[in-house]
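Just below is one structure, and these are the notes that go with it.
The values are calculated or read from the model by the stated rules, or taken from the named source; none is laboratory data. Quick caveat, the model's predicted, so the values are computed rather than measured. All Cβ positions, glycine included, derive from the backbone under ideal geometry; neighbour counts span all protein chains shown. Each accessible area value is taken on the protein alone, full model and side chains, heavy atoms only, with ligands, DNA and RNA left out. Shrake-Rupley method; radii C 1.70, N 1.55, O 1.52, S 1.80 Å.
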Amino acid sequence: MRLASFAYGGRQRCGVVAGDVVRPFATDADLRAVIAGGPGTPALEDGVPLAHVRLRPPLVPASLRDFVTFEEHVRGVRRSIDGVGGVPEAWYDAPTFYFSNPHTIHGPDDDIRFPAASVARDFELEVAAVIGPDGAIFGYTILNDWSARDLQSREMQVGLGPAKGKDFAGSLGPWIVTADELEPYRDSDGFLDLWCTASVNGAEVGRDLLSNMGWTFETLAAYAARDSRLIAGDVLGSGTVGNGGCLAELWGRNGRQDPPPLRDGDVVTLAVQGIGSLTNRVTSAAPGPALPVVRRRSPELSRKDLDV
């Protein structure tokens with residue numbers, strides 16, 4: 001089953017997609033509430049042509065954890081962003097993640113406003129698992145984890161995860177495919193054997209199998225819940241696929257920004273076998289106000305303040 005959120009007739013609705021038709025739920029509950037409601041779906045109204053609706057993000061995540069599970073991606077991006085090669089030994093210990101921003105999620109065909117100060121603009125091709133009410137995986141959708149690489153590279157020198165290089169935008173869509181529909185793609189090791197492709201302005205720049213993940217989605221969910229809690233509507237990103245799942249990986253491999261960073265007007269399309277495709281256009285946000293100059297404190301002055 002494919003579940004979508006959409007705008008139609010001046011209302012925000014959600015419902016079931018079947019072919020080129022979407023049947024709205026009779027209730028006005030959003031898709032996150034439907035997922036939290038457990039087995040079964042609300043009653044359906046008559047179908048509406050999919051071409052007549054505007055698809056929105058399938059849901060506003062309760063939280064968004066973005067993992068890094070593709071070894072090839074780690075190797076290429078570290079060389080590009082951090083200037084070092086190889087994969088850190090700690091990566092092999094567990095599926096590392098960072099918390100992204102659930103409040104700046106976009107849907108299909110939305111414009112993505114990059115920070116005006118960023119010139120090293122990038123996409124990231126991922127598949128995201130949506131958690132159900134029992135903590136198991138309810139379904140899957142496509143995730144584009146947009147990245148301002150120049151901002152990210154500078155701020156991560158502080159020793160924390162990405163901040164303003166990431167939190168301006170993420171895209172989900174075009175809908176959520178329930179987990180049972182993708183079971184035929186599961187291999188003997190529990191991975192989903194799905195082809196994933198990324199294109200910029202109609203030219204393919206990356207292609208990889210989702211089954212090249214280092215850990216399964218079930219392992220990601222179990223690790224996320226360790227000493228913590230998952231709830232219905234939490235979203236877990238697979239991490240960026242390898243072999244061109246983002247530009248930064250290719251920059252690290254090629255030793256230069258080739259292909260070039262994204263520019264205003266570029267159209268990025270991510271496609272995943274068994275799920276669909278997600279397209280967005282790159283634009284720029286208005287410049288932000290200048291920050292106040294930092295107040296620098298010498299160690300000597302700091303100690304003196306304590307000796308009162």
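Amide H contacts for Val22 (H built 1.01 Å from N in the peptide plane; partners 5 or more residues away or on another chain; cut-off under 5 Å): Val48, Leu50.
Reported to the nearest whole Å, the Cα centre-to-centre distance from segment 10-72 to segment 184-201 is 22. Per-residue Karplus couplings for segment 115-128, computed as 6.51 cos²θ - 1.76 cosθ + 1.60 with θ equal to phi - 60°, are listed in order as x, 4, 6, 8, 10, 9, 8, 9, 9, 9, 8, 9, 10, 10 Hz, Gly and Pro entered as x. Helix-only arithmetic for the chain: the sum of -39500 (n - 2.57) across DSSP H runs with n ≥ 4, divided by the residue total, places the mean residue ellipticity at 222 nm at -4000 deg cm²/dmol. Determine the shape class of segment 171-212: with a ≥ b ≥ c the square roots of the Cα gyration tensor eigenvalues, call it rounded for a/c under 1.5, and otherwise prolate if a/b is greater than b/c, oblate otherwise. Taking the square roots of the gyration eigenvalues as a ≥ b ≥ c, segment 171-212 is oblate. Amide H contacts under 5 Å for Gly173: Ile142, restricted to partners 5 or more places along the chain or on a different chain, H placed in the peptide plane at 1.01 Å from N.
Annotation note: GluC sites (Glu not before Pro) in segment 1-84 located in DSSP loop regions with a Cβ neighbour count of at most 16 within 10 Å are Glu45. Our coupling estimate for segment 238-255, obtained by passing each phi through the Karplus curve with A = 6.51, B = -1.76, C = 1.60 and θ = phi - 60°, is 5, x, 6, 5, x, 6, x, x, 8, 6, 4, 4, 5, 4, x, 6, 8, x Hz, Gly and Pro reported as x.
Report the paramagnetic label zone for Ala225: residues of segment 138-157 whose backbone N is under 12 Å from a point 7 Å from Cα along the Cα-to-Cβ axis. Inside the label zone: 138. Computed in the context of the full set of protein chains, the accessible area of the chain at 1.4 Å probe radius has 52% of its extent on carbon or sulfur.
Label-to-label distance for Arg11 and Glu183 is 3.3 nm, based on points extended 7 Å past Cα in the beta-carbon direction.
Residues whose amide H lies under 5 Å from that of Val60, counting only those 5 or more places away or on a different chain, are Arg32; hydrogens are built 1.01 Å from N in the peptide plane.
Just one of (i) 61, 43, 42; (ii) 95, 47, 28; (iii) 72, 46, 43 is Cα extents along the principal axes in Å calculated from these coordinates, so which is it? Entry (iii). Counting only protein heavy atoms and a 1.4 Å probe, the chain has 48 square angstrom of accessible area per residue. Per-residue Karplus couplings for segment 156-165, computed as 6.51 cos²θ - 1.76 cosθ + 1.60 with θ equal to phi - 60°, are listed in order as 6, 5, 6, x, 10, x, x, 10, 6, x Hz, Gly and Pro entered as x.
Does segment 115-158 come out rounded, prolate or oblate, given a ≥ b ≥ c as the square roots of the eigenvalues of its C-alpha gyration tensor, rounded meaning a/c under 1.5 and, failing that, prolate meaning a/b above b/c? Since a/c reaches 1.5 and a/b is larger than b/c, the shape of segment 115-158 is classed as prolate. Does segment 1-89 come out rounded, prolate or oblate by the C-alpha gyration tensor, with a ≥ b ≥ c the root eigenvalues, rounded set by a/c under 1.5 and, if not, prolate when a/b is larger than b/c and oblate if not? Prolate, because a/c is 1.5 or more and a/b exceeds b/c. Loop exposure criterion: trypsin sites (Lys or Arg not before Pro), DSSP state outside H, G, I, E and B, at most 15 other Cβ atoms within 10 Å. Applied to the chain, the longest stretch between such sites is 1-163.
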